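**Q** Here it is, the structure in full.
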Amino acid sequence: MKLLVVEDEKELRRTITDFFKNLGELVISAKDKFEAEDKLLSHQFDAIILDITLPDGSGIDILPIITKTQDNTGVLILSAKNSLDDKIKGLDLGADDYLTKPFHLAELNSRINALVRRKIFKGEKIIQFNEININLSENQVYIKEQLLSLTKKEFTLLLYFVNNKNRVLTKESIAEHLWGDNIDFIENYDFIYTHIKNLRKKILLIGGEDYLKTIHGIGYKYTNL
Amino acid sequence: MKLIKKTNINFLVVILIILPISYLILFFSLNYFISDEVDEKLRVDELRITEQLDKNTAFISIAPIIEVCEINTDTTIKDEIKNVLIYDPIEKEEEPYRELISVKVINGRRYLIKVRHSIIEDKDFMLAIGLSMFTVLLLVFILLFVLNNRLSQKLWKPFYHNIDTLKSYSFKSGKELTLLDSKIDEFQDLKNSLILLADKLHNDYKILKEFTENASHEIQTPLSILSMTLDEVLQDEHSEKNYKKLYTCYQSTQRLSKLNKKLLLLAKLDNNQFSDVIEVNLDELLNDKIEELTSLIEEKELAIKVIKNGQFTIHIDSVLANTLLVNLLSNAIKHSTPKTSINIEISTNSITISNKTTIKIDNSLFFKRFQKGNNASNSSGLGLSIVKRIAEISKLDVNATLIEDVFKISIQKK
């Protein structure tokens, strides 16, 4: 996957770039509108992470150039302003998703994955992790050809784990992924434990391997090791 | 006291002081001039009688107006003018007269001449002056009073209008302050100063509002860097001790970003940046939210009892409707005593949520910003202030009470 990260803040740009590079993706970064336009003219990207506030203009203004230069790409807008106007305008001009700062890298990864799957690999709707097959068009999970019946929340949870395998996922980031803005007013995340416990139980029940590791009381990691 | 009333009272007091003084002046001066005139007339009468006696010695007296009699040479009578009382057979009482007495020698005979002229009784005179003065002044007073009030009403109209405008004016409305012009310099001065003041305050208010929003935005970026870097550091292996420390930092960052998000929301509410108003069925939305938060409810082993007496539909921004309900529910869940129940009552114009709690807080502090239910928790203390602001914007009333251990909050249509 080839990614373009347009972000003026150096540290953010570096962290996002490193994160995706570690996942084995090809990442090119741009620090402003000018550089982004330059990169867009010479490369074809699968996905673009676009910050709205750039030193030489708004990221929104880049959207028409993306449409002109890129054949098929997913665009995710990053914004510090949780403003509905920006969101609507961005989505109108061809952006596919919108994420407000600050965000979790795992969340960004999940969104980019979903976006690329939707836009680029239109046919491929199955994600595989060892013996686990997640069918996205059916919203079903199969373990060794056997159907694993999950609730909506458990399905989202498993998908989040598989998308961010080998990574420590904090309780905060899991809760935010599953409940979104609804947990803005909740400060205690222990309730996610029930969902994780149930998911684990269901997988073990039909003979699946338990890849979920608890990490020092801060979160979980989905890993082979 | 109104200015016009004060003026009128002062006016009345002045009249009450001037009235007796002018009355006395009038009385004495009139009295003096009238008696002077009477005296003069009496002398003229005396002169005419003397001339008549010169031609004709037999003179008929008409008492009490004219009395003429011959007297002896040896009786001494002094010439004088004085006031006397003479009985009036018609009025049947003594009436005052001015009397001139003089002794004249005509053709060798000596005559005593008495000429009298009736004068007005002092009592009557005083009454007449008093009455007429009182009537005139009363008329003047009434006329001025009416005129003054009428004029005031007209002149003060812009003033009162402007006062009313100021009373209902709010910077939150975003409208400019418009006041009426007046022809009175003082009022015009006041108006101009008020507009100037309002402009200044409006500007300050705007700067303050923008500051909150800008500050919140500016905080987002460093917070993102902090949160992401910590997230990355947590991926590596550390000692148990360091893990705990790092996670504490991470949690604080998360808390900070939530707090910032809420502040930003409040700033946006103050700036009226929510205008996607649609008709929302709040009880349906409430059901969705209860379902969303089921995990939290189960975690605390709470029961939710919904009594539905009608549909609660209002016109509200969709994002705000969501925030409002999530906030109310989260608040109830957060502060409920475990293993109790949350009661929700829905009618066509109100939603009431009540729950048992161990928190003690003064009733007046519920909606105060940064007022926390329990200080130990890491809650922001902004939840109910946000509820209040959303309600204000969406034309809803919010009431909260804490009676013994039952916290009850209700939203009502205005």
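The values are calculated or read from the model by the stated rules, or taken from the named source; none is laboratory data. Model, not experiment: these values are computed from the prediction. Here the Cβ positions follow ideal geometry from the backbone for every residue, glycine too, while neighbour counts run over all protein chains shown.
**Q** Check the range B:213-225 and report whether any residue there is under 30 Å from residue A:213 (Cα atoms) and touching a Phe, Trp or Tyr at 6+ places or on another chain (Cβ under 8 Å).
**A** yes
**Q** Give the residue, chosen from B:286, B:293, that is farther than 21 Å from residue A:11 by Cβ, buried (at least 19 other Cβ atoms within 10 Å of the Cβ), at the interface with chain A (Cβ under 10 Å from one of its Cβ atoms) and in contact (Cβ under 8 Å) with a residue 40 or more places away in the chain.
**A** On the way: B:286 fails: at the interface with chain A (Cβ under 10 Å from one of its Cβ atoms).
Every option except B:293 fails the conditions.
**Q** Can you find, within the range B:339-349, the residue that is farthest from the other protein chains (Cβ to nearest Cβ) among those that are over 13 Å from residue B:405 (Cα atoms) and over 42 Å from the mean Cα position of the chain (by Cα)? Even if it seems obvious, please write down each step before you answer.
**A** Of the residues in the range B:339-349, the ones over 13 Å from residue B:405 (Cα atoms) are B:339, B:343-349.
Subsequent filtering for residues that are over 42 Å from the mean Cα position of the chain (by Cα) retains B:339, B:343-344.
On the way: B:339: 15, B:343: 20, B:344: 17 Å.
Here the answer is B:343.
**Q** Taking residue A:8, is it without any contact (Cβ under 8 Å) to a residue 60 or more places away in the chain and touching a Pro at 6+ places or on another chain (Cβ under 9 Å)?
**A** Criteria met by residue A:8.
**Q** So, one more: Got a sec? Which of B:328, B:382, B:302 is at pLDDT below 90 and within 14 Å of chain A (Cβ to nearest Cβ)?
**A** B:382
**Q** Moving to a separate point now. Residues that are over 15 Å from residue B:46 (Cα atoms): list the strands (runs of 3 or more DSSP E) wholly contained in the range B:57-122 that include at least 2 such residues.
**A** Result: B:80-88, B:93-106, B:109-118.
**Q** Might you let me know whether the range B:61-76 holds any residue that is surrounded by 12 or more Cβ atoms within 10 Å (Cβ to Cβ) and without any contact (Cβ under 8 Å) to a residue 24 or more places away in the chain?
**A** Yes, the range B:61-76 has at least one match.
**Q** Oh, and also: Given the options A:193, A:189, name the one that is surrounded by fewer than 18 Cβ atoms within 10 Å (Cβ to Cβ), within 11 Å of chain B (Cβ to nearest Cβ), aromatic (Phe, Trp, Tyr) and within 23 Å of the chain's Cα centre (by Cα).
**A** Criteria check complete, one pass: A:193.
**Q** Could we say that residue A:107 is within 20 Å of residue A:165 (Cβ to Cβ), within 14 Å of another protein chain (Cβ to nearest Cβ) and under 16 Å from the mean Cα position of the chain (by Cα) here?
**A** Here the answer is yes, as residue A:107 does meet what is asked.
**Q** Right, here's the next one. Give the residues of the range B:217-267 that are touching a residue at least 60 places away in the same chain (Cβ under 8 Å), under 46 Å from the mean Cα position of the chain (by Cα) and at the interface with chain A (Cβ under 9 Å from one of its Cβ atoms), sorted by residue number.
**A** Result: B:258, B:262, B:265.
**Q** Ok, one more. List the number of the failed condition for residue A:81; all other conditions in (1) at pLDDT 80 or above; (2) closer than 29 Å to residue B:211 by Cα hold.
**A** (1)
**Q** Something else: Can you tell me which condition residue A:65 does not meet? The list is (1) within 14 Å of another protein chain (Cβ to nearest Cβ); (2) surrounded by fewer than 21 Cβ atoms within 10 Å (Cβ to Cβ), and all the others hold.
**A** (1)
**Q** Further question: Of everything in the range A:1-55, what is more than 20 Å from residue A:79 (Cα to Cα) and over 18 Å from the mean Cα position of the chain (by Cα)? Give them in sequence order.
**A** A:38, A:39, A:40, A:41, A:42, A:43, A:44
**Q** Another one. Only one of these conditions is not met by residue B:317: (1) farther than 20 Å from residue A:179 by Cβ; (2) within 14 Å of chain A (Cβ to nearest Cβ); (3) over 42 Å from the mean Cα position of the chain (by Cα). Which number is it?
**A** If we test residue B:317 against (1) farther than 20 Å from residue A:179 by Cβ; (2) within 14 Å of chain A (Cβ to nearest Cβ); (3) over 42 Å from the mean Cα position of the chain (by Cα), just (3) comes out false.
**Q** Another question about this same structure. For the range B:187-214, give me the residue count where each residue is within 14 Å of chain A (Cβ to nearest Cβ) and at pLDDT 85 or above.
**A** 0
**Q** Another question, then. Being within 17 Å of residue B:324 (Cα to Cα) and touching a Phe, Trp or Tyr at 6+ places or on another chain (Cβ under 6 Å), is that true of even one residue in the range B:389-402?
**A** yes
**Q** Can you go through B:330, B:364, B:385 and tell me which one is of a type in the set (Ser, Thr, Tyr) and over 15 Å from residue A:184 (Cβ atoms)?
**A** B:364
**Q** Considering only the range A:1-27, how many residues are part of a helix (DSSP H, G or I), touching a strand residue (DSSP E or B) at 6+ places or on another chain (Cβ under 8 Å) and under 18 Å from residue A:115 (Cβ atoms)?
**A** Residues meeting the conditions: 3.
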